[in-house]
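The values are calculated or read from the model by the stated rules, or taken from the named source; none is laboratory data. Because the structure is a prediction, the values reported are computed rather than measured. Please note: Cβ atoms are built from the backbone with ideal geometry, for glycine as well, and neighbour counts cover all protein chains shown. Calculation scope for accessible area: heavy atoms of the full protein, side chains included, ligands and nucleic acids excluded. Shrake-Rupley method; radii C 1.70, N 1.55, O 1.52, S 1.80 Å.
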Amino acid sequence: MSLVDDILQLKKEKNAVILAHYYQQPEIQEIADYVGDSLGLSQKAAETDADLIVFAGVHFMAETAKILNPSKKVVLPDLNAGCSLADSCPPKAFSEFINAHPHHVVITYINCSAEIKAMSDIVCTSSNALKIVNSIPKEVPIIFAPDKNLGKYIQKEAGRELVLWDGSCIVHEAFSIEKLLSLYKEHPGAKIIAHPESETHILDTATYIGSTAGMINYVKEHPSEKFIVATEAGILHKMQQEVPNAVLIPAPAEEDNTCACSECAFMKLNTLQKLYDCLLHETPQIEVPEEVRKRALLPIERMLALSK
Ligand code: 13P
Ligand code: SF4
């Protein structure tokens, strides 16, 4: 039997569910029960009645699943699958930042650790950040962390100042505006679509800005056009399946003269073999101390309630 068959059989025997992010390798996306963005994955993790959640994504995503559904075992194929954005916001420094800005509502992007979520009033993802910010009365000051690029974008869209934490995603900050503009010259009819973790000068060129799921939905509305896609290249797999007639061109990264695309090294640590191993041995498991979990749950639940 092939590795794929082994995984599918084991999944059935163990009543497991495989949740995968759009940045995972194509073969992982192909065997997943659900592929989605951070919001969709959280919603699926919260509602699943599987006994074991195999999270093909990065650590903060698996941790969010455990916070939402603590009675389930949650495993991550590679425990080193972290996130530069989550790492850019250490708990001690963030606690001091909050103390330096009293009376602020604390909104955190889901790409952060459980400890950071536990210090927050409400969590958001790239697909609901504007809605979450707009749910707070205009006169109430807001801390927005950890992604400064998403924060700057929301600041502009919401028309209000946010106190921003200085964090960012290495993948989305790697896009080169010079290379993007020269690529656009070669494809003048193409639409540039971008993830809001990208820098402002990249976002300024885009006709659509949104989460990974939002970008796929946008492309589906224009199935025969040409797109330059400014986000992690893993998204191209599902996107092309959804719009087989569209031309999809990955946005070029600064340092990249080979594949002309950006890849998240953390996301790509997960492999089919590691997925099989973690399903078989039910390890590495994600654990969150109960006291942290309880405090982190409330801001995530607030987000889910506002995202229905
Ligand atoms: P979304 O899939 O929620 O847009 O998030 C993108 C991302 O960078 C996840 O790490
Ligand atoms: Fe983190 Fe960026 Fe990788 Fe997403 S793409 S997991 S934000 S480093």
Check your understanding: Contour minus end-to-end for GLN273 and TYR34, with contour as 0.36 nm per residue of separation and end-to-end as the Cα-Cα distance?
Key -> 84.2 nm
Practice item. Please tell me which of these pairs span more than 29 angstrom C-alpha to C-alpha: LYS220/LYS294; LYS73/LYS238; LYS66/LYS220; LYS148/LYS308; LYS12/LYS226; LYS148/LYS191? Key: LYS220/LYS294; LYS66/LYS220; LYS12/LYS226
Review point. What nm distance separates the two modelled labels at VAL4 and ALA100, each placed 7 Å from Cα along Cα→Cβ?
Key: 5.2 nm
**Study point:** Linear extension gain, LYS12 paired with LYS179, 0.36 nm per residue minus alpha-carbon span
**Key:** 55.5 nm
Check your understanding: Which value results when the Cα radius of gyration for the range 34-117 is divided by 2.2 N^0.38 Å?
Key -> 1.19
Exercise for review: Please list the radius of gyration and Dmax for the range 170-308, considering alpha-carbon atoms only, with Å as the unit.
Suggested key: 18.3, 55
Exercise for review: Return the Rg/Rh value of the chain, two decimal places, where both radii are evaluated on C-alpha atoms and Rh is the Kirkwood radius.
Suggested key: 0.97
Review point. Once both labels are modelled 7 Å past Cα along the beta-carbon direction, what's the GLU27-ASN245 spacing in nm?
Key: 3.3 nm
**Study point:** Calculated P(r) of the range 117-185 - Cα pairs past 18 Å, %
**Key:** 44 percent
Exercise for review: Could you tell me the largest-minus-smallest coordinate of the C-alpha atoms of the range 261-308 on each of the three principal axes, in descending order and whole angstroms?
Suggested key: 36, 33, 19
Check your understanding: Which residue fluctuates the most in the chain, going by a Gaussian network model with Cα springs under 10 Å, if the choices are SER135, SER211, SER127?
Key -> SER135
Review point. How much of the DSSP beta bridge set in the chain is antiparallel, as a percent to the nearest 5?
Key: 5 percent
Check your understanding: According to a simple spin-label model (label point 7 Å from Cα along Cα-to-Cβ), what is the distance in nm between LYS156 and ASP49?
Key -> 4.6 nm
Practice item. Using packing as a proxy for protection, rank 62-74, 272-284, 43-55 so that the peptide with the highest average count of other Cβ atoms within 10 Å comes first. Key: 62-74, 43-55, 272-284
**Study point:** Tensor-based shape of the range 52-193 (alpha-carbon gyration tensor, a/c under 1.5 rounded, otherwise prolate or oblate)
**Key:** oblate
Point to revise | Heavy-atom accessible area order for ARG160, ARG302, largest first, 1.4 Å probe | key: ARG302, ARG160
Point to revise | Cα principal axis extents for the range 204-283, largest first, Å | key: 45, 30, 21
